[in-house]
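Read through the structure below, which is laid out as structure tokens, and then see the notes.
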Amino acid sequence: MKLKKNMGSLDRLLRFIAAAIILVLYFTGIIHGLLAILLLAFAAATTFTGLTGFCPLYPIFGWNTCKIKTKE
């Protein structure tokens, strides 16, 4: 099953930046415990969606930040 891209370049870039910030906070010891686990899971999810260009929540809300029309 091929996923239809629904994320634009800026959206994907912001997700990578957020994930990088979370990783820096974790490895510098600023976040730890349950908060660190939750944020690391969030960082993993945003990295995955950024790489694939598909966010599974977007269709639920009817969002699409991808400016290029893709074939289904």
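Determine, yes or no, whether residue 45 is under 18 Å from residue 20 (Cβ atoms) and touching a Leu at 6+ places or on another chain (Cβ under 9 Å).
The answer is no for residue 45.
Kindly indicate which of 70, 52, 47, 28 is open to solvent by less than 80 Å² (accessible area, probe 1.4 Å), more than 12 Å from the chain's Cα centre (by Cα) and either modelled with pLDDT of 95 or more or among the β-branched types (Val, Ile, Thr) (or both).
When all the criteria are applied, what remains is 70.
Determine if segment 4-27 includes at least one residue that is in a helix (DSSP H, G or I) and of a type in the set (Lys, Arg).
Checking segment 4-27: at least one residue is in a helix (DSSP H, G or I) and of a type in the set (Lys, Arg).
The values are calculated or read from the model by the stated rules, or taken from the named source; none is laboratory data. This is a predicted model, so every value here is computed, not measured. With ideal geometry, Cβ positions are generated from the backbone for all residues, glycine too; neighbour counts draw on all protein chains shown. Only protein heavy atoms, including side chains, enter the accessible area calculation; ligands, DNA and RNA are left aside. Shrake-Rupley method; radii C 1.70, N 1.55, O 1.52, S 1.80 Å.
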